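Scroll down for the structure; my scribbles are underneath it.
Read-outs throughout are calculated quantities, based only on the coordinates presented, and are distinct from any laboratory measurement. The model shown is predicted, which means the values in this text are computed figures rather than measured ones. In this analysis, Cβ positions are derived from the backbone assuming ideal geometry, glycine residues included, and neighbour counts consider all displayed protein chains.
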Amino acid sequence: MQLSPSPNIRTNSLVVPGVLTAAIYLFICLFYVKGPQAHSKTFRELFAWFFCGALLFLFWKGYQRINQADKPPIRLIVIFAGLFCLLAFLTVPFHSTDVFGYINRGWQQVHYGQNPYVHHLNDIPNWRQDPMLREHWIYNPNPYGFLFTLLARLIVTLSTGNWWVALALFKLVNVLAYAATGWLLWSASKRVSYLRPDTVLYLFLWNPLILLHHIANGHNDLLVGLLVLLAAYLAITKKYFWIVPALVAATLLKFGPLLLIPPALVFVIKRSGWRTAALSCFVALVLGALICFPYLRDWQTLRLVDMQDNATLIDNSLHSLLIHIFENIARVFSSLAPLHSTVNSAIKMMLRGGLLIFVLYQWLRIPKNFTAKVFGSKSLLILFALICVASSKFNAWYMGMLLPLALLLDDDYWLRRLVVLISCTELLSLTFFKQAYMLNYFALILVPMLLIFGQRNRPTPVAETESLGALREGEQAV
């Protein structure tokens, strides 16, 4: 996301898009104050298109003004981000009820003493009469990692049985993660020459997807993004010992970052030696064992098959797009209909096999000069391939795991630009696009991919300007 240089404008020019953006978040907060069901489906859809379009437009205008400002408007970025975050925190979850499921899992442990990896919520007699429980993933075991399940238990314990307090505490944890992520990005951007602290902070703190999906609706993916970012930050600051424990902790929130541990271990060995790597792994294993022990005591009765079924659910993914294309073709050529399960299995094998080959290639292709920057880009590539390409299930809020890490890389790195762009297009998941199956993945992920890949071999405006400047200097020297 680079812009052509233009005459500098005043730093306070960010005030106008900031005030208008705050007004939009205030409208969202007020609109959903009685919950989404207080309005008709048509009215909710029209309002979603209004605020998504307005927020994306203002996000772009703000980015333009930062690039043209006479000095970095860090103070304004942070002040307005705090205001946006407060309004998002006060907004009742209106799109997804996952945070209600977090409360369910915590209360299931605290009040009923059940292991949520063994017992479904409907195993609780008369659960519908319990004011702390909501109808969310009633017939499934807990799909999250052991660390998040432990966190859910702690939060619900602190709520003392008050549902609204529990909701506020879960959202408060995300607010703290939002602030910590912003600080890590700002601190890291001051330590490397290829990042601008103002644009890095802006692209995260003002990102409407982060504010609406992770703060307003309370999704936990931002916690994973924070720990993955922390691992990259530790690599930049040469605190190699804690990289592997940070990634193990991220894996125990959601399991995807497991694929980053092998290259992280190689990075630690190359940078700090075998002894540091061995001690780091030992600490990570001990911490992991302590976190997992309360739930793995019942390992013989864990509902692993149900957990696998949830993880492989086909929804809004490349897999979903391909199988829906086949289903539509089969409606025209009915002789193809009996091949549905075969085609579905073939797509699954192709995506998973491709991911396995890609990940193994990334693990084995380690450069001699394995820098923190290369480690970050390799980690982002692996996560992107897993989450946005190979996974059978994709949701917009998964971008919270990718965006923080992406912002640590060069402005002109294609995958960084792609992740930022997808984080914008995926805001439209708050509209009917979420249920638009084929259109969802095609419009919100494939189209951005095509746009970025089409620009990979073109010089960026900044590069063009630098080349022109060098040419002029050469002419003057002659």
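Miscellaneous remarks
- Over 28 Å (Cα to Cα) - which of Lys239/Lys378; Lys34/Lys393; Lys34/Lys171; Lys61/Lys190; Lys171/Lys378 fall in this group: Lys34/Lys393; Lys171/Lys378
- The packing ranking, built from the mean of other Cβ atoms within 10 Å per residue, places the peptides 97-108, 218-229 in the order 218-229, 97-108, highest first.
- Span per principal axis, largest first, for the Cα atoms of the chain (Å): 86, 59, 58
- Point-charge dipole on Cβ atoms (K/R +1, D/E -1) for the chain, about Cα centre, debye to 20: 800
- When peptides 130-142, 375-387, 78-90, 296-308 are ranked by their average number of other Cβ atoms within 10 Å per residue, the highest-first order is 375-387, 78-90, 130-142, 296-308.
- Normalising the Debye intensity of the stretch 202-262 to I(0), with uniform scatterers on Cα atoms only, and taking log10 at q = 0.18, 0.24 Å⁻¹ returns -0.68, -0.94.
- A Cα-only calculation for the stretch 158-286 places Rg and Dmax at 16.5, 50 Å.
- Long-range amide H partners of Asp315 with built H, under 5 Å: Ser320, Lys393, Phe394
- Loop-located chymotrypsin sites (Phe, Trp or Tyr not before Pro) in the stretch 176-207 (DSSP state not H, G, I, E or B) with no more than 13 neighbouring Cβ atoms inside 10 Å: Tyr194.
- Two-decimal log10 I(q)/I(0) for the stretch 298-405, as the Debye equation yields it once each C-alpha is a single scatterer, q = 0.20 Å⁻¹: -1.09
- Entry note, the chain: the mean residue ellipticity at 222 nm calculated from DSSP H runs of n ≥ 4, each adding -39500 (n - 2.57), is -20000 deg cm²/dmol after division by the residues and rounding to the nearest 500.
- Kyte-Doolittle at least 0.5, axis length at least 15 Å by Cα - qualifying DSSP helices, the chain: 15-31, 74-90, 146-158, 163-191, 221-236, 261-272, 274-296, 318-332, 340-364, 372-384, 414-425
- Database remark: amide H of Ala69 closer than 5 angstrom to the amide H of Ile9 (H placed geometrically; neighbours at sequence offset of 5 or more, or on other chains; Pro and chain starts carry no H).
- Where a label projected 7 Å from the Cα of Ala278 along Cα→Cβ would reach, residues of the stretch 247-264 with amide N under 20 Å: 262-264
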